[in-house]
Amino acid sequence: MISPNSAHAVAVSELRSTMQGPVITPSDDDYERRRKIWNGAIDLRPSIVAACATVSDVQGAVNTARKHGLPVSVLVGGYGWAGQSLRDGGVVIDLSAMNQVVVDPQSQTAIVEGGATAGDVVAAATEFGLTAVVGTMAKIGMAGFTLAGGYGPLTPHFGLGLDNLVAAELVLPDGSYLSVSATENADLFWALRPWVRCAVCSEGVRHHNGVGARRTCGDSCARVESERRSGCRAGAVLERRHPARKGNC
Ligand SMILES: Cc1cc2nc3c(=O)[nH]c(=O)nc-3n(C[C@H](O)[C@H](O)[C@H](O)COP(=O)(O)OP(=O)(O)OC[C@H]3O[C@@H](n4cnc5c(N)ncnc54)[C@H](O)[C@@H]3O)c2cc1C
């Protein structure tokens with residue numbers, strides 16, 4: 001029978017030979033920085049940090065962990081209070097290098113890679129005079145924020161972060177890659193709200209006019225469009241109109 005230590009060693013060597021991003025272990029200099037999260041009281045020591053650069057890196061990390069019976073977690077901003085992003089002896093899928101944000105000002109949506117932070121999203125949107133529902137800290141992961149609910153200063157006007165999620169691309173525990181939206185694999189799309197065990201590689205979020213300003217929603221918040229993009233990017237906007245309010249909303 002293969003011992004846990006040799007399982008780790010085989011897993012590390014498999015990942016290093018297949019992944020584009022770096023694979024970090026406790027003997028690497030970068031290890032302590034990689035496992036540091038916001039809540040300093042959490043002291044969990046994963047055995048492998050798979051710093052993914054591509055979707056196929058994520059799939060490889062999931063498959064390798066499953067094959068060797070290693071626990072998996074997903075880490076982005078590290079702002080989860082309870083340290084759910086780390087598992088003792090496990091494989092951490094670190095998505096923080098997958099942080100691209102592409103804004104489509106026409107549809108007022110953004111395609112946000114799974115490792116982008118709220119700050120990345122706001123910075124990209126600001127260039128177009130748009131913003132998104134985000135929380136109080138720029139370094140919080142946008143996917144983690146959204147999937148955990150996501151409340152912020154704009155919530156009274158535009159709802160929770162998850163209300164603004166229009167589509168997502170996922171890697172499931174069996175390593176498969178799936179697009180979800182209200183019209184595609186809809187059951188899984190709605191299940192994202194109370195969390196599912198998968199890695200969100202990208203998400204489409206709705207943007208709004210007015211950066212930090214109180215502006216009327218009008219029709220800017222209502223748009224019907226759906227689009228799919230290739231690779232790890234998808235954006236789909238559902239028809240949804242925010243409740244009409246008198247005056248500024
Ligand atoms: C100081 C502080 C301020 C906060 N302020 C707010 C606030 O204003 N509004 C608010 O709504 N929340 C707030 N939060 C809570 C925060 O939004 C959530 O804890 C969020 O889940 C953190 O995401 P993260 O990526 O930064 O953290 P992580 O610890 O990296 O991740 C948190 C959880 O999300 C999972 N996860 C993250 N990204 C992905 C992904 N791409 N695919 C799959 N799973 C993923 C991780 O596995 C983990 O279970 C705050 C938290 C802290 C500590």
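Bear in mind that the values in this text are calculations on the coordinates, not laboratory data. It should be emphasised that the depicted structure is a prediction, and the values quoted were computed from it without experimental measurement. Don't worry about glycine lacking a Cβ; one is built from the backbone with ideal geometry, like all the others, and counts go over all protein chains shown.
Summary table
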{"item": "Gyration tensor (alpha-carbon) shape descriptor, the stretch 4-94, a/c threshold 1.5", "result": "prolate"}
{"item": "For GLU14, net neighbour charge (Lys/Arg +1, Asp/Glu -1) across residues whose Cβ lies under 14 Å away", "result": "+2"}
{"item": "Tail weight of P(r) past 21 Å, computed on alpha-carbon pairs of the stretch 55-133, percent", "result": "41"}
{"item": "Residues SER27, SER85, SER181, SER56, sorted so that the one with the fewest Cβ neighbours within 10 Å comes first", "result": "SER27, SER56, SER181, SER85"}
